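Worksheet for the structure shown next.
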Amino acid sequence: MNQNTDRTRILLEIGFRPFFLGAGIFAVLSIGLWSLIYLFQLNISTAPITVLQWHAHEMIYGYALAVVAGFLLTAVANWTGLPTSVGKPLLRMFACWCLARVFYLFDSQFLLLAGLFDLVFIVLLLISIIRPIAKKRMWIRMAVVSKLVLLFVFNCVFLLGASGILKDGAHIGVYGGLYLIIGLILTVGKNLVPFFIARGVASEVTIASFRWLDFTSLGLFLVFFVLELSSFLPRFSGVVAFGLFFVNCIRLGQWHTRGIWSTPLLWSLYLSYCFICLG
């Protein structure tokens, strides 16, 4: 009993442990289930949303958001020097995430319950990371918080669409969430990737950083985000997407050094960012 208690305590000492573990297990289970549905026509009832909408929602608000939660709970604690949720508060947050994943597997009778647990999870995550940021007055980090707030909003939009209240709400909720996750990766990645490269290569390197790149990338992304979700000027949306690709390719060129290819952590980070740009 004491050994199990110690393991639980260790698991809940820092945010990334339960959420990275949960995301990994969920990824394996959900990929297996989706393979049975897609390849072998396994019939499961997810009404009133389609199976495709369920799959898309769970990859974004289930898997991806769990990874984001684990990262931010740990990163904010490192940035501010103040703790985020640990112990029982962390367990409650993780339990809400788990219960939402389970209830989304059932049909409409549990849809609102699943949505409620999902939204409570995001609220608890927001409270946990806003407190230390506000105490340290690190307002520049609120850029990350704003994207989490929008993820909450678009999850609500998805639920309104799934409930038949908002036309196309499920579609907008899924794509809004997808683009926000990409935006969050671009926001965090512009600091995280060069940080690891500068400290992970064998030789000393200096990685240039230009503010105009950051502002241009942010501006283009916001325009792309609005155009894509509103279906306004669809051809111009493609031009903006290409501009966003070009700006981030410049960033990738700044980051590149031969030393990254001898360290798996570095080349995997670098190639991941490359594939986001290609996408």
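The values are calculated or read from the model by the stated rules, or taken from the named source; none is laboratory data. Just so it is clear, the structure is predicted and the values come from calculations on it, not from any experiment. Cβ atoms come from the backbone with ideal geometry, glycine included; neighbour counts cover every protein chain shown. Just so you know, the surface numbers come from the protein's heavy atoms only, side chains and all, with ligands and any DNA or RNA stripped out. Shrake-Rupley method; radii C 1.70, N 1.55, O 1.52, S 1.80 Å.
Which ones in the stretch 73-100 are touching a residue at least 40 places away in the same chain (Cβ under 8 Å), under 14 Å from Val123 (Cα atoms) and of a type in the set (A, V, I, L, M)?
Leu73, Leu90
Go through (1) open to solvent by 30 Å² or more (accessible area, probe 1.4 Å); (2) farther than 30 Å from Gly169 by Cβ; (3) of a type in the set (Val, Ile, Thr) for Ile276 and report which single condition fails.
Evaluating Ile276 over (1) open to solvent by 30 Å² or more (accessible area, probe 1.4 Å); (2) farther than 30 Å from Gly169 by Cβ; (3) of a type in the set (Val, Ile, Thr) leaves (2) as the failure.
Pick from Leu42, Leu90, Leu73, Leu82: which is part of a helix (DSSP H, G or I) and either open to solvent by 20 Å² or more (accessible area, probe 1.4 Å) or out of contact with any Ser or Thr (no Cβ under 6 Å at 6 or more places or on another chain) (or both)?
Exactly one of Leu42, Leu90, Leu73, Leu82 is part of a helix (DSSP H, G or I) and either open to solvent by 20 Å² or more (accessible area, probe 1.4 Å) or out of contact with any Ser or Thr (no Cβ under 6 Å at 6 or more places or on another chain) (or both), namely Leu90.
When the residues of the stretch 107-122 are filtered to those that are out of contact with any helix residue (DSSP H, G or I) (no Cβ under 7 Å at 6 or more places or on another chain) and in contact (Cβ under 8 Å) with a residue 24 or more places away in the chain, which remaining residue is farthest from Asn43 (Cα to Cα)?
Leu112
Can you tell me which of Tyr61, Tyr104 is over 23 Å from Val144 (Cα atoms) and either open to solvent by less than 10 Å² (accessible area, probe 1.4 Å) or not polar (S, T, N, Q) (or both)?
Tyr104
Read through the list (1) buried (at least 18 other Cβ atoms within 10 Å of the Cβ); (2) at pLDDT 90 or above; (3) among the β-branched types (Val, Ile, Thr), then give the number of the only condition that Thr187 fails.
Thr187 satisfies all of (1) buried (at least 18 other Cβ atoms within 10 Å of the Cβ); (2) at pLDDT 90 or above; (3) among the β-branched types (Val, Ile, Thr) except (2).
May I ask you to verify whether Leu266 is open to solvent by less than 90 Å² (accessible area, probe 1.4 Å) and touching a residue at least 60 places away in the same chain (Cβ under 8 Å)?
yes
If you check Leu220, Leu227, Leu271, Leu265, which single one turns out to be more than 19 Å from the chain's Cα centre (by Cα), within 21 Å of Val67 (Cβ to Cβ) and part of a helix (DSSP H, G or I)?
Result of the check over Leu220, Leu227, Leu271, Leu265: Leu265.
Any residue that is at pLDDT below 90 and not in a helix (DSSP H, G or I) - is there at least one of those in the stretch 235-242?
Among the residues of the stretch 235-242, not one is at pLDDT below 90 and not in a helix (DSSP H, G or I), which makes the answer no.
Counting only residues that are free of Cβ contacts under 8 Å to residues at least 40 places away in the same chain and in a helix (DSSP H, G or I), which one in the stretch 193-212 is least open to solvent (accessible area, probe 1.4 Å)?
Checked the stretch 193-212; the qualifying residue least open to solvent (accessible area, probe 1.4 Å) is Ala198.
Quick check, is Ser237 open to solvent by less than 30 Å² (accessible area, probe 1.4 Å), under 30 Å from Lys167 (Cα atoms) and of a type in the set (Ser, Thr, Tyr)?
yes
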